[in-house]
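Structure first, commentary second.
Quick note: the coordinates plus some simple rules give every number you see, no bench work behind them. This structure is a prediction, so every number in the text was calculated from the model and none was measured. Here the Cβ positions follow ideal geometry from the backbone for every residue, glycine too, while neighbour counts run over all protein chains shown.
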Amino acid sequence: MRVYADTSFLVPLYIEDRHSRAADERLRSGASLWATPLHVAEWNHAIAQLVFRGHLAAAEAERVYRQFESDRGAGLWTTADLPEKAFDLCADLARRYGSKLGVRTLDSLHVASAVELRAEQFWTFDDRQRKLAKALGLTVH
């Protein structure tokens, strides 16, 4: 099964939070998850923000960065380029759904990437992305 998981799903796999248990359970399904350059960039920002806000020590952040890269190298995440048409679809989604759902650029870019990669499912803990993905007919968990 090809699954697009956004960063709100990836972070709880490495940093214990209220979504960690659900994320771990879903991951055990054996689904293949993509890691695009968007995931990598947003992942690094998410971890840096946890350090900035004092929720994570710098040393722990370095361990988490290394673990994510190790998992990517081991093939846990399927590397994929950001789809060529993702930005065009992202802009279209902003026009069509931005004022209705309050989606931001990264929200619609993740959903657009999932659509362009032809994901069978979209995994997120983000309400805006969930609503947008459902509006486009994606199966959302």
Q: Would you kindly derive the ³J(HN,Hα) couplings of the stretch 37-49 from the backbone phi angles with the Karplus curve 6.51 cos²θ - 1.76 cosθ + 1.60 (θ = phi - 60°), listing them in order in whole Hz, with x for Gly and Pro?
A: x, 4, 4, 4, 5, 5, 4, 4, 5, 4, 5, 4, 5
Q) Quick one: net charge of LEU117's neighbours, Cβ under 12 Å, K/R +1, D/E -1? A) -1
Q | Restricting the stretch 35-141 to GluC sites (Glu not before Pro) in coil, as DSSP defines it, with at most 11 other Cβ within 10 Å | A | GLU84
Q: Work out which trypsin sites (Lys or Arg not before Pro) in the chain are exposed loop sites (DSSP not H, G, I, E or B, at most 10 other Cβ within 10 Å) and give the longest gap free of them.
A: 54-117
Q.
Full-extension gain between ARG72 and ASP92, please, as 0.36 nm times their residue separation minus the C-alpha to C-alpha distance.
A. 4.1 nm
Q: Report ³J(HN,Hα) in whole Hz for each residue of the stretch 68-76, in order, from the Karplus equation J = 6.51 cos²θ - 1.76 cosθ + 1.60 where θ = phi - 60°; Gly and Pro get x.
A: 4, 5, 4, 5, 5, x, 7, x, 4
(Q) How much length would be gained if the chain were fully extended between SER20 and MET1, taking 0.36 nm per residue of separation minus their Cα-Cα distance, in nm to one decimal? (A) 4.7 nm
Q) Considering amide H positions built from the backbone, and no H for Pro or chain starts, which residues 5 or more places from ALA80, or on another chain, come under 5 Å of its amide H? A) ALA35, THR36
Q. Quick one: in the chain, what % of C-alpha pairs are over 26 Å apart?
A. 21
**Q.** Whole-Hz ³J(HN,Hα) from phi, Karplus 6.51 cos²θ - 1.76 cosθ + 1.60, for the stretch 88-101, glycine and proline x
**A.** 5, 5, 4, 5, 5, 5, 4, 5, 7, 10, x, 6, 8, 10
Q) Using the alpha-carbon centroid of each, what span in Å lies between the stretch 30-55 and the stretch 62-141? A) 13
(Q) Let me check against my output: what whole-number percent is the relative contact order of the stretch 2-135, with C-alpha pairs under 8 Å and at least 6 apart? (A) 33
